[in-house]
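What follows is one structure encoded as C-alpha cells, with my remarks underneath.
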Amino acid sequence: MASVARVTTITVRSETSFDDAVAAGVARASETLRNVSGAWVKEQKVEASDGRITAWSVTLEVTFVLDD
C-alpha cells in the first residue's frame, strides 16, 4: 500500500538557539498535524542587537503523512 505525504512551511523564533527553534517548531506542528514524520530546515536567520545575537529563527518544511 502506498502512502501520501504533504509538506507545510512554518517559521519559528527562539531566544535560546537554532536547536530550540527546530524542536519547538516540530512540537507545535505535531499539536495541529497528525503523522508528522520529519522536517527540513530550509532557512536559518539570527537577530542581533549591539553586536550580540538576540534571537534565532528557522523556516521549516514539515512533512506529515496523510490518513488513509
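The values are calculated or read from the model by the stated rules, or taken from the named source; none is laboratory data. What you see is a predicted model, and the numbers here were worked out from it, not measured in a lab. Glycine also receives a Cβ, built like all others from the backbone with ideal geometry; neighbour counts cover every protein chain displayed. Areas reflect the complete protein model, heavy atoms only, side chains present, ligands, DNA and RNA absent. Shrake-Rupley method; radii C 1.70, N 1.55, O 1.52, S 1.80 Å.
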Legend entry - Hey, ALA2 of a type in the set (Gly, Ala, Ser), open to solvent by 40 Å² or more (accessible area, probe 1.4 Å) and modelled with pLDDT under 95 or not: yes
Legend entry - Some residue of the stretch 17-37 being basic (Lys, Arg) and more than 11 Å from the chain's Cα centre (by Cα): yes
Inset, instruction - Would you please list the contacts, defined by Cβ atoms under 9 Å and residues six or more apart or on different chains, that run from a residue in the stretch 8-22 that is within 15 Å of ALA48 (Cβ to Cβ) to a residue that is surrounded by 15 or more Cβ atoms within 10 Å (Cβ to Cβ) and of a type in the set (Ser, Thr, Tyr)? - result: ARG13/SER57; SER14/SER57; PHE18/SER57
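Can you name every residue in the stretch 58-68 that is farther than 13 Å from ARG6 by Cβ and surrounded by 11 or more Cβ atoms within 10 Å (Cβ to Cβ)?
VAL58, THR59, LEU60
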Inset, instruction - Could you figure out which of (1) under 25 Å from SER3 (Cβ atoms); (2) at pLDDT 95 or above; (3) touching a Lys or Arg at 6+ places or on another chain (Cβ under 8 Å) isn't true of ALA55? - result: (1)
Legend entry - Hits in the stretch 6-54 - residues which are among the small types (Gly, Ala, Ser), part of a strand (DSSP E or B) and surrounded by 12 or more Cβ atoms within 10 Å (Cβ to Cβ): SER14, GLY38, ALA39
